[in-house]
Every structure is written in structure tokens, then in C-alpha cells.
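Remarks on the structure that follows.
The values are calculated or read from the model by the stated rules, or taken from the named source; none is laboratory data. Every value quoted in this text rests on a predicted model; they were computed, and no experiment measured them. Every residue, glycine as well, gets a Cβ built from its backbone with ideal geometry; the counts of neighbours run over all protein chains shown.
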Amino acid sequence: MRLIQCKHQGQVLAALVEDERTVRLLEADTYTLARRAIADGRSLAEVVETALTETRLDYPQLVDERRLLPPLTHADPAHCLVTGTGLTHLGSADTRSAMHAPSQRQAQADEAELTDSMRMFRLGVEGGKPAAGETGAQPEWFYKGDGDCVVAPEAPLPVPAFAADAGEEPELAGLYVIGDDGQPWRVGYAIGNELSDHVTERFNYLWLAHSKLRHCSFGPELLIGELPEHLEGTSRIVRDGEPLWEKPFLTGEANMAHSLANLEHHHFKYPGFRRPGDVHVHFFGTATLSFADGIQPRDGDRFEISLPAFGRTLRNPLAFESEAADTPVHSL
């Protein structure tokens, strides 16, 4: 089952994807349906079935009219937290190493010769998939922002004037709602583009935090239910209507050093991330970057990330800002 969210007659409503051309409206948005499922002790799929209306909409028309929204939102952006984990995928350490220091030895090197990134990656390989009831290795973790950093599918991704780069990161995103008792509930999964500033990060990996404070996008479709262990997708950059760069990418637990349960545990173990009513968008990492192949995105380039199991491709053009905001601090 896959859902989208869209604007319809002044409302934000979820819709069930019936096929590539048709969606069937639901009577509420995804957040409301998720809260209803939690309160009723039912699955989201059951709640969706009871919330279907008879109204069907033309899916391509929603796309053309830019009425698509992220598949899960909160009415107050401050109550949506966007975060992620890195060095989680088999192959991601090689990408990171190539980005920072191509001459360094890879993960098979002696401990004394490992970079911090390689050491973190090895921790995941050795302890990122613990047995049930055990605690696994902590992953690399980062904060991207609140709901204001999320851009709808098809909408431009703003790039601040001070940025040194704007590189795509094709990833899975886990979408969550926190129950009234502080229990996290996974609503489902979506394709994500966790945009980052890799030039800034390459200068010094301690600037990773700065490189992640950028806009992002996820969707357009929310996958409800179990996630396939092996997923194959395509990440593409289109410039002036022609493909500039294209590469396959792998995700799903079969291609990861960490289990999803381990990544979720190390995020939601913090009480501040279990605030009742909040929405969480958590990116699970990638091993495929155009930056590693020397690509420098430009204004107007369009990122396209596709995973067949998730339906419609996530597409967003880049929009570079020409002037940096003047933000002086005043004394009271």
C-alpha cells in the first residue's frame, strides 16, 4: 500500500495510490490517520481502508499543478524533526574515503591506520546488526533541521548563497509519529534526497554538521508495511533536459551494515525524540554520490531518485540563492 499527500480544495489530504495515473482521496491527512491508528490500536492499512472516499484524482495532473506534498507532515513545522545516519551502507565507507582522502587504505587496514570514518564504519559492520534484545553499535548521526527544511516533491531545493556545493544523497527515509505516551510508531518509508554540502564536508569531516543543515525532500509516496531487504534504484541528474549523470544504488538491510532496528534504537533512545505528537523524518544513509564522481551541480539541475517499490520518482530541481541573508545579532 502506498499513500501520497496533496492539496485539494484548500485542504491537505492523503490519497491511496491506485496506479500511476489515479489516486483515491482519503478523508484526512496522513498524520491524522496515523494518530487514529495509534489511538484505536489498529494498523494504518486498516485505518486507510475505512477512510477511503469515492473521489479519484488524476495523479499526473497533481504533479503538473505542483499540488503534491511530502507524504507525512505536521501542521507545525517545529514539531517535525529531520535527522539521519551515515556510514550505514556497505560501500559507504569507500565513498566517504574517496571523498576525503583517496589515497588512504580502506576498511581492511590495521586499526592504527584507520581514519575516524573507517573506524566508525567497521563498528557498524561488526556490531550494527545485533541479536534481538541486544544493543548494537551506535551509528554516525546528524541533525538536518525541522519541518521548514523539507521541500515537497517536484519543488525546487533552495541552496544558500554561502554553500560550497549542493549534492544529492539518494536514501530511504523512515517516517514516524510519537504517540501520546511517548512511544515511537513507524508510519512507513519513503524515497529521500538528503541534500548535503560535500565540498564543505570534504574540507574537514568535523564540518559534517554544517554540511547537513540544508533543505531536503522525500516522497512522493509513502510505503506502508514491511520493507524489502534488497532494493535497487537509480539516482540521476538532468541538466537542460538531458541526463548529466546516472548511477544505480542499493539499499535495504541486505545492503546495509546496520539493521533498521538498530538505527531506530539509537535515535529514539533519547527522551527528547519521544515528545508526544511529534513527527520524525530519519534518513538511513547511502553509498552513492555524484560528488564522488566529480559532478558539480548547477542552478536548475534536476535530481531524480527512483526505487520501483516506491512508485513515482522523487524529482527536485536546484535553486541557488544569489545573496546571503544579513543576520546580525543585536544586544538587548
Does Gly225 meet the test of being outside the structural domain of Tyr59 (by TED's automatic domain parsing), part of a loop (DSSP other than H, G, I, E, B) and small (Gly, Ala, Ser)? yes
Qualifying residues in the range 210-239 (those that are within 16 Å of the chain's Cα centre (by Cα) and of a type in the set (Gly, Ala, Ser)) - the one surrounded by the fewest Cβ atoms within 10 Å (Cβ to Cβ): Ser211
Taking the stated definitions as given, is Ser290 buried (at least 22 other Cβ atoms within 10 Å of the Cβ) and either more than 22 Å from Leu231 (Cβ to Cβ) or touching a residue at least 24 places away in the same chain (Cβ under 8 Å) (or both)? yes
Quick one: is Ala93 assigned to a helix (DSSP H, G or I), under 26 Å from Gly252 (Cα atoms), among the aliphatic types (A, V, I, L, M) and modelled with pLDDT under 95? yes
Out of (1) at pLDDT below 90; (2) part of a strand (DSSP E or B), the odd one out for Gly84 is which? (1)
Candidate set: the range 168-218, residues that are among the β-branched types (Val, Ile, Thr) and in contact with a Lys or Arg (Cβ under 7 Å, 6 or more places away or on another chain); chosen: the one farthest from Met1 (Cα to Cα): Ile178
Out of the residues in the range 27-36 that are in contact (Cβ under 8 Å) with a residue 24 or more places away in the chain and either under 21 Å from Gly182 (Cβ atoms) or over 24 Å from the mean Cα position of the chain (by Cα) (or both), state the one that is surrounded by the most Cβ atoms within 10 Å (Cβ to Cβ). Thr30
Evaluate the following for Arg56: is it over 24 Å from the mean Cα position of the chain (by Cα), at pLDDT 95 or above, among the basic types (Lys, Arg) and surrounded by fewer than 16 Cβ atoms within 10 Å (Cβ to Cβ)? yes
With the condition kept exactly as written, say whether any residue in the range 180-198 is closer than 23 Å to Glu304 by Cα, buried (at least 18 other Cβ atoms within 10 Å of the Cβ) and more than 13 Å from the chain's Cα centre (by Cα). yes
